[in-house]
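Let me begin by presenting the structure, written as C-alpha cells, before commenting on it.
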Amino acid sequence: DQQVKQNSPSLSVQEGRISILNCDYTNSMFDYFLWYKKYPAEGPTFLISISSIKDKNEDGRFTVFLNKSAKHLSLHIVPSQPGDSAVYFCAASLDQGGKLIFGQGTELSVKP
Amino acid sequence: SQTIHQWPATLVQPVGSPLSLECTVEGTSNPNLYWYRQAAGRGLQLLFYSVGIGQISSEVPQNLSASRPQDRQFILSSKKLLLSDSGFYLCAWNRGALGNTEAFFGQGTRLTVV
C-alpha cells in the first residue's frame, strides 16, 4: 500500500525555467510533509518542509505547496539550475517527530 | 553539531552469509533511529524504526532484523542473506519531538548479495 506516490519517475527542464515536482498521498492523517534531494550513492538531504496547517512554504528558489483537499503537494524550483539535477523524494509523517513515509522519487534533469 | 555515521560504504556478500550494518549518531541524545532501503529503481522503504534503547518496530516482514543496544547505536542484521536483500541501505535519525520531524541520513551502504 503506497501511501505516498510520485507518479512521474523523471522530469527534464531547461536551465532557468521552473521545475515542478508533484506528490500525492492517501492518508488524510499525515500532518507534516518534506522534500529531500538525493544524489547517487549518497544519503538524501533535507530541502524544505510544510506543516498541514499551511498551504505554502518558501525558501529561496524552493517553494512547497500543499493542497489538503486534493491530498497533493508540489515542489517548485525557480529558476532551475544544472546543479539541481538529482532524485527528489517527497515524504510524509503521521505525527511531527515521527517516522517518515517516502514516495518513489522523481529524477530531475536540468539541461544547460 | 550532530553527525551520523554508517558503515561500511559498500559490501559484497554471498547468499546465505550473515549481515551486520552499524549506524551511530553523535551530538544528540535519545534520537529516533531508522533503517531504510532503496532497491534498484525504487523509492525509500522504511524497514525498522526505534524510539529508544531496545525498542524496535518492524515495518516490513522480511529476512532482516534490527537492534538498538545503546542510545545512539542502531544495527541492521541478517542471519542468512538472500539475493533480494541487495540494495542501498540508509540509516537516519530525528529528534522525535513535536515540530522536529526532519530526518538526517547517513551516507548509505551499498549491499550486493551474490
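Here are the numbers for the structure shown:
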quantity: Test: residue in region B:26-39 that is surrounded by 18 or more Cβ atoms within 10 Å (Cβ to Cβ), in contact with a Lys or Arg (Cβ under 6 Å, 6 or more places away or on another chain) and modelled with pLDDT of 95 or more; calculated: no
quantity: Residue list for region B:62-114, filter: without any contact (Cβ under 8 Å) to a residue 60 or more places away in the chain, open to solvent by less than 20 Å² (accessible area, probe 1.4 Å) and more than 14 Å from chain A (Cβ to nearest Cβ); calculated: B:Leu64, B:Arg68, B:Leu76
quantity: Those residues of region A:81-98 which are modelled with pLDDT of 90 or more and not charged (D, E, K, R), in sequence order; calculated: A:Gln81, A:Pro82, A:Gly83, A:Ser85, A:Ala86, A:Val87, A:Tyr88, A:Phe89, A:Cys90, A:Ala91, A:Ala92
quantity: Condition met for B:Ile4 (over 30 Å from A:Glu107 (Cβ atoms), more than 10 Å from the chain's Cα centre (by Cα) and surrounded by 13 or more Cβ atoms within 10 Å (Cβ to Cβ)); calculated: no
quantity: Residue, surrounded by the most Cβ atoms within 10 Å (Cβ to Cβ), within region B:41-61, restricted to residues that are in a loop (DSSP other than H, G, I, E, B) and not β-branched (Val, Ile, Thr); calculated: B:Gly43
quantity: Evaluation of A:Gln104 against (1) free of Cβ contacts under 8 Å to residues at least 40 places away in the same chain; (2) touching a Pro at 6+ places or on another chain (Cβ under 8 Å) (one fails), failing number; calculated: (1)
quantity: Residues of region A:92-112 satisfying the condition of being part of a strand (DSSP E or B) and over 25 Å from B:Gln45 (Cβ atoms); calculated: A:Val110, A:Lys111
quantity: Output for region A:43-91, where each listed residue is part of a loop (DSSP other than H, G, I, E, B), hydrophobic (A, V, I, L, M, F, W, C) and either within 12 Å of A:Asn22 (Cα to Cα) or open to solvent by less than 70 Å² (accessible area, probe 1.4 Å) (or both); calculated: A:Ala70
quantity: Looking only at region A:1-32, and only at residues there that are farther than 21 Å from A:Gln81 by Cβ and of a type in the set (D, E, K, R), the one that is modelled with the lowest pLDDT; calculated: A:Asp1
quantity: Breaking point among (1) open to solvent by 20 Å² or more (accessible area, probe 1.4 Å); (2) under 15 Å from the mean Cα position of the chain (by Cα); (3) away from chain B (no Cβ under 11 Å), for A:Leu21; calculated: (1)
quantity: Whichever residue in region A:34-53 is among the hydroxyl-bearing types (Ser, Thr, Tyr) and farther than 20 Å from A:Gly83 by Cα and, among such residues, is nearest to the other protein chains (Cβ to nearest Cβ); calculated: A:Ser49
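The values are calculated or read from the model by the stated rules, or taken from the named source; none is laboratory data. Just so it is clear, the structure is predicted and the values come from calculations on it, not from any experiment. Quick reminder, even Gly has a Cβ in these numbers, built from the backbone with ideal geometry, and neighbours come from all protein chains shown. For accessibility, only protein heavy atoms count, side chains too; no ligands or nucleic acids. Shrake-Rupley method; radii C 1.70, N 1.55, O 1.52, S 1.80 Å.
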